[in-house]
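Before any comments, here is the structure.
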Amino acid sequence: MRALPSPLLAVTDRHGHPRPLAETVQAILDGGGRWIWFRDRDLETDARRRLGEAVAERVRAAKGVLTVGGDVALARALGADGVHLGGGSGPEAIAAARAALGERALIGVSAHAAHEVAQAASAGADYATLSPIYATASKPGYGPALGLAGLAAACDRELPIVALGGLDADRIGGCRAAGAAAVAVMGGLMRAREPAEAAQAVLKAWSSADRAPV
């Protein structure tokens, strides 16, 4: 099982706060975050690339890890460390992404149920996000919250699971105890008045939580 670069995957959303997205990312990096998922997929191609370049510059300077959501060509152009593919991405899509980005590229896949996690593992993904663990305003429409029981059931597989959806510092410990290899946070970081402090709080909650039974 491949080790993930950080227990915190920070998911970008430039709509979360009026400050420039690159400044929010910088604050998260300053707070100890090291793994950034550049999402913001509603932008036109050129605009998304320009924003991605600004984010990538901050991540590289901090020696962090950059994942790009859903666009292998953009990930390659930005020199990203990996790409996060949509749910249902099969072996061919994952192999193509790895061929474009290199064998060491970190390839993730979205999942919303335990059987989708199993499919991602079989397809050759390095990790899967599982959502929503809790109800969230950031990404509605993915069905009822899975809860910690749903997370625990999905974590009973040979694939690192990143818990996503409605997470804040108070919920991190439960996710780790349920078996998550990491947590992904968007709104709690992007909308925070002080993203550095928010990142620190998540990382502290993770480090102080009990590990899942082996």
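The number of residues in region 62-92 that are touching a residue at least 12 places away in the same chain (Cβ under 8 Å) and part of a helix (DSSP H, G or I) comes to 7.
Entry remark, region 169-213: residues being within 20 Å of Leu130 (Cβ to Cβ) and outside any helix (DSSP H, G or I) number 14 in total.
Residue-wise test of (1) at pLDDT 95 or above; (2) over 24 Å from Arg98 (Cβ atoms); (3) not hydroxyl-bearing (Ser, Thr, Tyr).
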{"residue": "Leu130", "(1), (2), (3)": "yes, no, yes"}
{"residue": "Ile133", "(1), (2), (3)": "yes, yes, yes"}
{"residue": "Gly141", "(1), (2), (3)": "no, yes, yes"}
{"residue": "Pro144", "(1), (2), (3)": "no, yes, yes"}
{"residue": "Gly150", "(1), (2), (3)": "yes, yes, yes"}
{"residue": "Ala163", "(1), (2), (3)": "yes, yes, yes"}
{"residue": "Met190", "(1), (2), (3)": "yes, yes, yes"}
{"residue": "Trp206", "(1), (2), (3)": "yes, yes, yes"}
{"residue": "Ala209", "(1), (2), (3)": "no, yes, yes"}
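Criterion applied to Gly174, Gly187 was being over 23 Å from Glu23 (Cα atoms) and surrounded by fewer than 24 Cβ atoms within 10 Å (Cβ to Cβ), and the one residue passing it is Gly174. The single condition from (1) within 19 Å of Gly88 (Cα to Cα); (2) outside any helix (DSSP H, G or I); (3) within 17 Å of the chain's Cα centre (by Cα) that Glu116 fails is (2). Once region 88-105 is narrowed to residues that are touching a helix residue (DSSP H, G or I) at 6+ places or on another chain (Cβ under 6 Å) and surrounded by fewer than 20 Cβ atoms within 10 Å (Cβ to Cβ), the residue that is nearest to Ala54 (Cα to Cα) is Ala100. Ser110 meets the conditions (1) part of a loop (DSSP other than H, G, I, E, B); (2) closer than 17 Å to Ile94 by Cβ; (3) touching a Gly at 6+ places or on another chain (Cβ under 8 Å) in every case but one. The failed one is (1). If you take the residues in region 49-74 that are touching a Phe, Trp or Tyr at 6+ places or on another chain (Cβ under 8 Å) and among the small types (Gly, Ala, Ser), which one is farthest from Thr24 (Cα to Cα)? Per the stated criteria, the residue is Gly69.
Exactly one residue out of Gly82, Gly16, Gly87 is modelled with pLDDT under 95 and in contact with a Ser or Thr (Cβ under 6 Å, 6 or more places away or on another chain): that is Gly87.
When region 20-68 is filtered for residues that are under 14 Å from the mean Cα position of the chain (by Cα), aliphatic (A, V, I, L, M) and open to solvent by 20 Å² or more (accessible area, probe 1.4 Å), only Val65 remains.
The values are calculated or read from the model by the stated rules, or taken from the named source; none is laboratory data. Quick caveat, the model's predicted, so the values are computed rather than measured. Backbone-built Cβ (ideal geometry, glycine too); neighbour counts: all protein chains shown. Calculation scope for accessible area: heavy atoms of the full protein, side chains included, ligands and nucleic acids excluded. Shrake-Rupley method; radii C 1.70, N 1.55, O 1.52, S 1.80 Å.
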